[in-house]
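The block underneath contains the structure these notes are about, expressed in structure tokens.
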Amino acid sequence: MLLVLNQIILQALNMSHVLQTTIIANALAGRNIAVAPTPRLPKKVGAGATEVLDDKDEEETLDQPLPFPPAESVDEREEEEETETTEATPKPKRKPKAPKVLTDIVLTTAKVSLADFMAQKGNPAEMMDKYSVVAVWYKNEFKITEMLIDRIWTAFKHLGWESQLPTDVEKPLKNLTYTKQWFQKAKGPGAYEIIWTGEDAVNKMGAAKP
């Protein structure tokens, strides 16, 4: 048994010597060759028995893949984003400006009272129609074209209709401007004025239908 083991060792040493010589010669000549694996030495596994080493026995610790943390799932990222959005402080809603009664003109001095003018237009039920009638009345009686929430509030209070106004008195003026397109923005802040489309609509109100 010792004789067989010595022969295997001598063969391994001779092969290593030849392999080194070949590698050096090819390196000088600029050629690359594949390096043959080093022969495995036998190991003793019992009384007088020999066994070739397994691949598993030769694995190095450095060959093992390094552990990486698990990738974050899409659901986890979405939950984090939703949490951040929920925790964000919501913007406070804009509080409508409170209107006031104007005293620059006396509405009772009009040649045609606002109540009579409303009656001529059929006492419209729609809030935007009422705003439009008020705007035309101001223009006819006082040559005032600029409509502010204070101007609307004063007219409705004069009629005793202030309780009918919405909390945001400016909202119908915006709708008349941007949705219905009977009004347009005026120069002053929060100011609007009726245009020909709105006047034409008011002129047709209360007319007898054919």
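Taken together, the values in this text are just the output of simple stated rules run on the coordinates, not laboratory data. Since this is a predicted model, take the numbers as computed values, not measurements.
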* Structure fact -> Expected vector for segment 153-162, Karplus 3J(HN,Hα) from phi with 6.51, -1.76, 1.60 and θ = phi - 60°, integer Hz, x for Gly and Pro, equals 4, 4, 5, 5, 5, 4, 7, x, 10, 4
* **Tensor-based shape of segment 107-204 (alpha-carbon gyration tensor, a/c under 1.5 rounded, otherwise prolate or oblate)** => rounded
* What number, in percent, do you get for the relative contact order of segment 107-204 if the mean sequence gap of Cα pairs under 8 Å and at least 6 apart is divided by its residue count? -> 28 percent
* Estimated vicinal HN-Hα couplings, Hz - segment 101-111 in sequence order (Karplus 6.51, -1.76, 1.60; Gly, Pro = x) -> 7, 8, 10, 6, 9, 9, 5, 6, 8, 5, 5
